[in-house]
Amino acid sequence: MDDKSPIPVGDSRPQLRERDDEVDINDQLIVSQILCGQKNLFRLLVRRHERAVFGMGISFFRNKEDASDFTQEVFLKAYRSLSCFEGRSRFSTWLYKIAYNTAINEVNRRKEYQSLTEEDAERLVNANDTPERIAIRNAAKEAVQEALNDLPERFRICVDLFFFYDRSYQEIEIITGFPVNTIKSHVFRAKKLLRKKLELLTVY
């Protein structure tokens, strides 16, 4: 692939995940077409996943400018390494691993990771959400944040990936390199707190 090909990163506002089997299959088809020479199709992958990558950038770097630079770098790395994608996992999982490693390398030179459940999580609320969905989302945010209070900084990304990016335990292991049992223990605490908060919501 031509490393000098432009990687377009446009509207990078973060959003909650949008993942289903059809998207995953289409991602793999797009990758195969790009590798066969249709390089312009990479724009489709950027369009589908840039908001999620930008959201991870916000978590790590806490400002739009750095998150935008991070997003550009991640997609450039993905473009250059696309021939290494073997389809054994979702394309998004492969992409998030690149994003995570890129962020960790940079954050080690800066500051500690901060969860999406803090003030920037407010940007993830869809304008079309119902009051009920917003209440549930807020309860989830509070539960996850409470679970994070006693969580070592380097494991916070596990909880974010599970709740806000809809990643499975196995996918989080691939992305972060943490053992599945370690991931499960941290997510379990967040789930337990979330269950309590949702029970309180049903009372009123």
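The numbers here are math on the coordinates, done by the rules we state, and not lab data. Being a predicted model, the structure only gives us computed values, none of them experimental.
For the residue pairs K64/K196; K64/K97; K39/K184; K97/K184; K39/K97, the alpha carbons lie more than 29 Å apart in K64/K196; K39/K184.
Here's how it looks for L151: its modeled amide H is under 5 Å from none belonging to a residue 5 or more places away or on a different chain. Each residue of region 161-175 is assigned a 3J(HN,Hα), and the resulting list reads 4, 6, 7, 9, 10, 6, 8, 7, 4, 5, 5, 5, 4, 5, 5 Hz, derived from the Karplus form 6.51 cos²θ - 1.76 cosθ + 1.60 (θ = phi - 60°), x at Gly and Pro.
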